[in-house]
Every structure is written in C-alpha cells, then in structure tokens.
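The block underneath contains the structure these notes are about, expressed in structure tokens.
Quick note: the coordinates plus some simple rules give every number you see, no bench work behind them. Values in this document were obtained by computation on a predicted structure and should not be read as measured data. Every residue, glycine among them, receives a Cβ derived from its backbone with ideal geometry; neighbour counts consider all protein chains shown.
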Amino acid sequence: MNNRQLFLSHLAQTTDFPLLIEIEKAEGVYMYGPKGEKYMDLISGIGVSNVGHRHPKVVKAIQDQLDKYMHLMVYGEYVQSPQAQLAKALVSTLPERLDNVYLVNSGSEAVEGALKLAKRYTGRREIISCVNAYHGSSHGALSVGGNEIFKRGYRPLLPGITNVPFGEMEALEQITEETAAFIIETVQGEGGIRVASKEFFQALRHKCDETGTLLILDEIQAGFGRTGKFWAFEHYGIEPDILVCAKGMGGGMPIGAFIAAQPVMAVFKNNPLLGHITTFGGHPVSSAASLATIQVLKEEKLIEQVAAKAELFKKLLKHDKIKGIRNKGLMMAVEFESFEVLKPIIDRAIELGIITDWFLFCEDSMRIAPPLTITEEEIQKACMVILQAIEENS
Ligand code: PMP
C-alpha cells in the first residue's frame, strides 16, 4: 500500500473532505510533494507556521536542545532552561500583571487549565462562552464551544455553561456575581473570522471587573503576531485575567500555555486539592523552538508587516463571486455564496499549487492565513491563482 492508501486505511479519519495532499518537505511558505509538486501554503497548518515552515533559527534551536536533553521530568519539578527562558520571553510581551506561565502541549489543554483555574480562583461554577466559538476538542473545551452540531453527540458536557452571541452588548447582561469566567476568542477563528468592536471588549472587561468574573482570552489562533499585534487584545486596549495560547507559539512544534497573574495561578499550588498536572507540558524541545519563534517574530519585524500584507490581499482579491472579506491582519476569510460554490474553487487552487481551505463553522468562506513571512510577490502570485480558480469555475 502507498502512503495515501495507508492514510485512508489505518489513520483515524476526522473529516469527509481531507485535503489528501502528500507532503515530503516544507520550507518557508512552500510545501513539496514526493514528485516535486510545489504548493504555497496559505493556511500555515491552521495558524501555526507564522514564521514559515522550518525557519532556520527554529530548526537550530531544536537541534541545539536535542544535543542537551529531551524529556526529563513532569512539568514543574526540575529547573529547565528552555522553559524558564521561554516564560521570561512570554511575560516580556505581556502587561506586567500577567507574570505566571503554565506550559502545556496544545490549545485544548491550555483551555482546560484556564477553566479549572478560573473555578478554583473564584470558587464559582458558571462559565459564559460565545456562539460559534471554538476552544478545542476535549470535553471541557468542547463544553464551552459554541456550535451545537459539534456538541450534540457528547452530552452530558460540563454543567453551568451559557452561550451568548459574540460581540453583542446585550450578552454582557448575562455576567453576574455567580460567573467564574467569560471565555472568548479575541478574534473568532473557526466561526469564520468574526471581529468584535473595541467598545464591546472594553465593556466586557468592565463587566468582568464589576462582578469579579475572570476574563479568559483565547488567542490560540489570533496570537503570535497573526493579527498585526503580538497579541490581538492589544487592538482593544484591554487585558485578560487568563490568556491562552498555542498554535503559532511553537513555530511548528507542539506547545501551549495559559498565563495569569501570580496570585491567581497560586491557587493551583495549594494542597490538598489537585492543581493541574502534565507530563509533557512545556517540552524542552518545543520550549526552545518557541523561544526562537518569538525572537524571529521580533528580529524580522514580521508583525509590523502584517497590516500592509493583509491590505494587499484585500486589494487584489476582487471578483463578482467574492461577497466580502472579513479580517484582522492576516487572519482572513473570503466569503462566497455557498460551500458548493467555494469547494471547486479551493480544489482548483490546490491543483494550481495554492493551498487554502474553509472553516469548521463557516463553510462558505475561504481561509487565508499564510506564514507572516510571505512576500509581496508571493501574495500577488497567490491572488492571481485564486482569481484564476474562480474564473474557471464561473
Ligand atoms: N482555540 C482556538 C481559537 C482554536 O483555533 C483552536 C484550534 N483550532 C483551539 C482552541 C484548540 O487547539 P488545539 O487543536 O491545539 O487543541
């Protein structure tokens, strides 16, 4: 059996429409198939490869760490330089108050940790989340998700969760002295790139302060420069109580974190109640990769270039069949009439060497989230091919 047959026979399938492209090597914004096929990656493995595939400085950091040690001990016991240095680099990007980092392996795990922490710290049980939110696939993260179809097969989920409309002021009336946390994506990703107003986020922050509710911002997709600021919350002039991140954090290696002020995080330390434990969280190789990723984002001034690159996409992607473009920086959704119109366009673009896809909860829109390293010429090429794919399907 070839790899494609093995993939279909022996790997658990997660979708009716896997992209089914075989990749042998990836570098920068490009991926290469076994027969030398060349693809430009416009989705970055869903917002992961912000510094491009196999950035040389990330690869070097990984190799250097491999020469020292891999796993030593469960998280939080030994002093490991990559974890300590990464924590320092992370807090240096954040408001002073957010000075305690808990390293985990993935986005879902970061969300689990954040929800548990909010319950422990406040002693409350109720959590509010948004319609069309995606916070992950584990039971807790799924419970605060905002898509009924995804949740339906797994009830009973966590009790005490209320789903409110994303970005609507009236939703804030649901926050009370009983609410442990309000969890929200700073920019909704899988809902199809939905952006809320600055006024909404400021009112949300205010209501959380008023009621003693912790504000959990999920920047798993929006963080690490994707929206044109290091953290998307910087656009709104607010701060979270707990920040969750992953994806772009490891430059292609698995790692995530939930981050809070020390007095909040301290409740996990108190015995006899179990706090939060992870064997592989903050793996030293992933931590080294993450530290290098933060350095690359800064040294190459990638975040400063995001707004102009996003504008170029928007300027070039003009066609009768495009209903509109929603974006915050290089987190973009190009809207079409329906999935039926969009699917053959994506298939054709892939044949022509440009990889895009759609969103979990928004199937009429094309995802554009390239590595932030993409050049102007590459954006022009990508848009030309997308327009050609649209034309050929008109
Ligand atoms: N939150 C958001 C906003 C996400 O986009 C995702 C992943 N798509 C997650 C949480 C879950 O992350 P992971 O797949 O690493 O568990």
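Just a few scattered comments:
- Potential lengthening between LEU312 and GLU170 on full extension [0.36 nm per residue; Cα-Cα distance subtracted]: 47.6 nm
- For segment 109-143, backbone nitrogen atoms closer than 14 Å to the point 7 Å from ALA12 Cα along Cα-to-C-beta are found at 137-139.
- In segment 29-122, GluC sites (Glu not before Pro) in a DSSP loop with at most 11 other beta-carbon atoms within 10 Å: GLU77, GLU96
- C-alpha long axis of helix 306-316 to longest principal axis of the chain, angle in °: 40
- With a threshold of 28 Å on the Cα-Cα distance, the over-threshold entries among LYS269/LYS301; LYS151/LYS198; LYS57/LYS88; LYS38/LYS343 are LYS269/LYS301; LYS151/LYS198.
- Mean residue ellipticity, 222 nm, helices only, the chain: the sum of -39500 (n - 2.57) across DSSP H runs of n ≥ 4, divided by residue count and rounded to 500, is -10000 deg cm²/dmol.
- FRET efficiency, GLN262 to GLN295 (Cβ-Cβ, R0 22 Å, nearest 0.05): 0.30
- Set of aspartates and glutamates near LYS60 by C-alpha distance (under 17 Å), chain-local residues within fewer than 8 positions excluded: GLU27, GLU299, GLU300
- Least to most buried among ASP67, ASP41 (fewest other Cβ within 10 Å first): ASP67, ASP41
- Cα-centre dipole for the chain with unit charges at Cβ (Lys and Arg positive, Asp and Glu negative), debye to 20: 600
- Using alpha-carbon coordinates, inclination of helix 339-351 to the longest axis of the chain, degrees: 70
- FRET efficiency, 1/(1 + (r/R0)^6) with R0 45 Å, evaluated for GLU178 and LEU66 via beta carbons: 0.40
- Distance between the C-alpha centres of segment 6-38 and segment 143-181: 35 Å, rounded to the whole angstrom.
- DSSP-loop trypsin sites (Lys or Arg not before Pro) across segment 1-81, with at most 11 other Cβ within 10 angstrom: LYS35
- With the largest listed first and rounded to whole Å, the semi-axes of the equivalent ellipsoid of segment 200-345 from the Cα gyration tensor are 33, 21, 16.
- Relative contact order (%) - criterion: Cα under 8 Å, at least six apart; region: segment 20-101: 17
- In nm, spacing of pseudo-spin labels at GLU77 and GLN388 (7 Å Cα→C-beta vector): 5.6
- LYS151/GLU363 FRET efficiency (R0 25 Å; Cβ-Cβ; nearest 0.05): 0.90
- To the nearest ten degrees, helix 56-66 and the longest principal axis of the Cα atoms of the chain are 50 degrees apart.
- Relative contact order of the chain, taken over Cα pairs closer than 8 Å and 6 or more residues apart, is 23 percent.
- Kirkwood hydrodynamic radius computed over segment 57-299 comes to 18.1 Å, based on all pairs of distinct alpha carbons.
- Three-way shape call for segment 1-156 based on the alpha-carbon gyration tensor, with the a/c threshold at 1.5: oblate
- Simple rule: put +1 on each Lys or Arg Cβ and -1 on each Asp or Glu Cβ in segment 16-130, find the dipole, and look at ASN100, VAL29, TYR78; the Cα lying farthest toward the positive end is ASN100.
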